[in-house]
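> Take this structure, written in structure tokens, and hold onto it; I'll ask about it next.
The values are calculated or read from the model by the stated rules, or taken from the named source; none is laboratory data. These numbers come from a predicted model, not from an experiment. Reconstructed Cβ throughout: ideal geometry from the backbone, glycine too, with neighbour counts over all protein chains shown. Areas reflect the complete protein model, heavy atoms only, side chains present, ligands, DNA and RNA absent. Shrake-Rupley method; radii C 1.70, N 1.55, O 1.52, S 1.80 Å.
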Amino acid sequence: MAERPTVLVVDDDPHLRDIVRFALEQGGFRVEEAAEGRAALAHVQRSLPALIVLDIMMPEMDGLTVCREVRRTHELPIVFLSSRDDEVDRILGLELGGDDYLTKPFSPRELVARVKAVLRRARPAPETSAASKPLMRGPLKLDEERFRAWWGEQEVVLTVTEFHLLAALLRVPGKVFTRDEVMTRVYDDGVVSDRTIDSHVRRVRQKFAGVGGEVIETVHGLGYRLAIP
């Protein structure tokens, strides 16, 4: 029997951790807990989980700081929780490298669905194999089996969601993707906002701009397409 993936739940509210633990365990996951940010970072260094469910608003070290520190060394998926219906927190979290978010109060069933969707995106597609050729156009190269990206000789580290977004555009160069089409191809649960997609696009652009690359073009009033002719 396959080993159950481990999810690290980080929240200073023990009652909420109990609810999330129960829901995730019912969904087939092993669950570890941390009550604050420093304990979460220590846990990640000790034993890398498959995914982190991370509260934004915590005392001492908040979730955004935890995410920033995790992203220095790891690209494991992160799903944010927020007690404030605040677009700034949502977008900032995603720009730091979060893969998804939920606003409290949320349905435990929806959280489990989001976690499963993010982890599905983190797995190689069934048709990929050791002999699979990378996706390439111009100086852009994506290795779908190892989730690695390059611009020329420079490797660009992407989160799972960022990688799938760019791969969707690269598979059909020249096509303009509406936000709904991006949502369908990248988010198989289909429950994200336009601003979430825009945030991921902005993050991908920033990363490639750092090595002199331009990979995503905005077609105003329509959507996005690969910027490499």
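> Got a number for carbon plus sulfur as a percent of the chain's accessible area, 1.4 Å probe?
51
> Oh, and also: Enumerate lysine pairs in the chain that are 8 or more residues apart or on different chains, then count those whose Cα atoms are under 24 Å apart.
7
> So what's the net charge close to M61: Lys and Arg +1, Asp and Glu -1, counting the other residues with Cβ under 15 Å from its Cβ?
Neighbourhood net charge equals -3.
> Can you list residues from other chains, or at least 5 along the same chain, whose modelled amide H is less than 5 Å from the amide H of R148?
Placed amide hydrogens put D143 under 5 Å from R148.
> What are the residues whose amide H is under 5 Å from the amide H of V31, where those residues sit 5 or more places off or on another chain and H is modelled from the backbone?
Sorted by chain and number, the residues that satisfy this are V7.
> Right, another one. What nm value, rounded to one decimal, do you get for the distance between R185 and E153 when each label is placed 7 Å out toward the C-beta?
Each label point lies 7 Å from its Cα, and together they span 3.1 nm.
> OK, next. For D13, what accessible surface area do you get with a 1.4 Å probe? Give it in Å², rounded to 10.
Surface open to solvent at D13 totals about 70 Å².
> Quick check on the chain: helices-only [θ] at 222 nm, where DSSP H runs of length 4 and up contribute -39,500 (n - 2.57) each and the sum goes over total residues. Nearest 500, please.
Taken over the chain, the calculation gives -12000 deg cm²/dmol.
> Check which residues have an amide H placed less than 5 Å from R4's amide H, if you skip close sequence neighbours.
Distant-sequence amide H within range of R4: zero hits.
> Ranked highest first by average number of other Cβ atoms within 10 Å, how do 39-52, 93-106, 149-162 line up?
By packing density, highest mean first, the sequence is 93-106, 149-162, 39-52.
> Where does the range 1-112 land on Rg(C-alpha)/(2.2 N^0.38 Å)?
So the Cα radius of gyration is 0.97 times the expected 2.2 N^0.38 Å.
> Return one whole number: the accessible area per residue of the range 1-105 in Å², for a 1.4 Å probe. Mind showing how you got there, number by number?
Numbers: 4850 Å² over 105 residues.
Dividing the accessible area of the range 1-105 by its residue count gives 46 Å².
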